[in-house]
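Accompanying notes for the structure given below.
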Amino acid sequence: METIELTTPLGYSLSLTKYSPIDSNNKVVIICSATGVLQGYYQNFATFLSSKGRTVYTFDYAGIGGSKKENLKDFDVSLTNWAVNDINSVLNFIKENHPQSQIDCVCHSIGGQILGLTPSNKYITNILLVASQSGYFKFWKGFGKLEMFFNWHILFPVLTSLFGYLPSKKITGMENLPKSMAQEFASWGRKRNYLFHYKKKEELYHHQLNGKITSYSTDNDHFAPRKAIDWMTKKYFNAKITRKHLVPKEYNVKTIGHFGFFKSKFKDSLWNEFLLDLEV
């Protein structure tokens, strides 16, 4: 493992971790994290991919983990910045340092939502979308719909205005989020067309992705309903898409959930499936 500080066009730096294989197969994987999830959460999975010959990069979005350089009250970035500045900078760095390598991407949750806003996604060959969904609240049912409505319309706007950031640790145990990021996230979730409601055609780069995309969902994922994942996956309309819905009992577990995909218990099952899906 090697820690890298990458300065971005917006002037702040990002914390990257590089996992170098002993025997490289000239393939690189970038892992784009879920909302408020530290890059260290993916360490075991990144190590697994590295053991299979791939160079792997993880990173923290601005304001998160190693990329949090100051108090969030004094530092603010938007969700769009996470795509256009953060992911874009990491992809450009990888392309510059591995010009002859195949670049693949594993996107967890919001990572797969905002990849389409990233100009440099044109460098990517294969993608795993892991529980990457629309956050539009009507994709949820019953109490889940009420909860998401409350989050987007009341909780996020009120708390960000009160604290100057979103105190997620007090709510979900996830990392606190920058004010503009959380507010933009909430605004997307209030609209049927989600982020596309706000973005002009020239701000969208979904069409550049024409390689292989495998999109995963699972039962009882309270953060990502199956239909919400279907909707987001279809936005990558030029890609060769495969949709996979995982049934936990087929992997000898009771549940997988939104965050279970990257747990080490799947090293000899699901992770090998991931690896095969990253192949051309």
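The values are calculated or read from the model by the stated rules, or taken from the named source; none is laboratory data. Because the structure is predicted, anything quoted here is derived from the model rather than measured. No Cβ is skipped: glycine too gets one built from the backbone with ideal geometry, and neighbour counts run over all protein chains shown. Just the protein is used for accessible areas: all its heavy atoms, side chains included, with ligands, DNA and RNA removed. Shrake-Rupley method; radii C 1.70, N 1.55, O 1.52, S 1.80 Å.
Annotations
- When residues of segment 126-138 are limited to those that are more than 18 Å from residue 99 (Cα to Cα) and polar (S, T, N, Q), the one surrounded by the most Cβ atoms within 10 Å (Cβ to Cβ): 132
- Any hit, segment 115-125, residues being free of Cβ contacts under 8 Å to residues at least 40 places away in the same chain, under 21 Å from residue 17 (Cβ atoms) and open to solvent by 50 Å² or more (accessible area, probe 1.4 Å): yes
- Test: residue 227 is assigned to a helix (DSSP H, G or I) and loosely packed, with under 13 Cβ neighbours inside 10 Å: no
- Residue pairs whose Cβ atoms lie under 8 Å apart, separated by 6 or more positions or on different chains, with the first residue in segment 260-278 and touching a residue at least 40 places away in the same chain (Cβ under 8 Å) and closer than 17 Å to residue 212 by Cα and the second open to solvent by 40 Å² or more (accessible area, probe 1.4 Å) and β-branched (Val, Ile, Thr), are 277/242.
- Of all residues in segment 44-83, those being assigned to a helix (DSSP H, G or I) and either among the small types (Gly, Ala, Ser) or touching a residue at least 60 places away in the same chain (Cβ under 8 Å) (or both) number 17.
- For segment 13-59, a tally of residues being of a type in the set (Phe, Trp, Tyr) and at pLDDT below 95 returns 0.
- Any hit, segment 97-108, residues being out of contact with any Gly (no Cβ under 9 Å at 6 or more places or on another chain), of a type in the set (Val, Ile, Thr) and within 21 Å of residue 9 (Cβ to Cβ): yes
Residue by residue, here is whether (1) of a type in the set (A, V, I, L, M, F, W, C); (2) touching a Ser or Thr at 6+ places or on another chain (Cβ under 8 Å) holds:
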| position | (1), (2) |
| --- | --- |
| 128 | yes, yes |
| 132 | no, yes |
| 209 | yes, no |
| 213 | yes, yes |
| 231 | yes, yes |
| 234 | no, no |
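- All positions within segment 236-280 that are open to solvent by less than 60 Å² (accessible area, probe 1.4 Å), in a loop (DSSP other than H, G, I, E, B) and closer than 25 Å to residue 53 by Cβ: 239, 269, 278
Rundown of residues vs (1) of a type in the set (Asp, Glu); (2) touching a Phe, Trp or Tyr at 6+ places or on another chain (Cβ under 8 Å), yes/no style:
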site	(1), (2)
133	no, yes
139	no, yes
143	no, no
155	no, no
158	no, no
161	no, no
175	yes, no
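- In segment 8-42, the residues that are assigned to a strand (DSSP E or B), touching a residue at least 40 places away in the same chain (Cβ under 8 Å) and either charged (D, E, K, R) or open to solvent by 20 Å² or more (accessible area, probe 1.4 Å) (or both): 13, 27
- Residue in segment 80-91 that is more than 16 Å from the chain's Cα centre (by Cα) and farther than 23 Å from residue 166 by Cα present: no
- Test for residue 163: is it touching a residue at least 24 places away in the same chain (Cβ under 8 Å) and farther than 25 Å from residue 115 by Cβ: yes
- Among the residues of segment 263-280, the one identified as of a type in the set (Gly, Ala, Ser) and within 22 Å of residue 40 (Cβ to Cβ) is 264.
- Unique match (being in contact (Cβ under 8 Å) with a residue 60 or more places away in the chain and crowded, with 24+ Cβ neighbours inside 10 Å) among 94, 87, 110: 110
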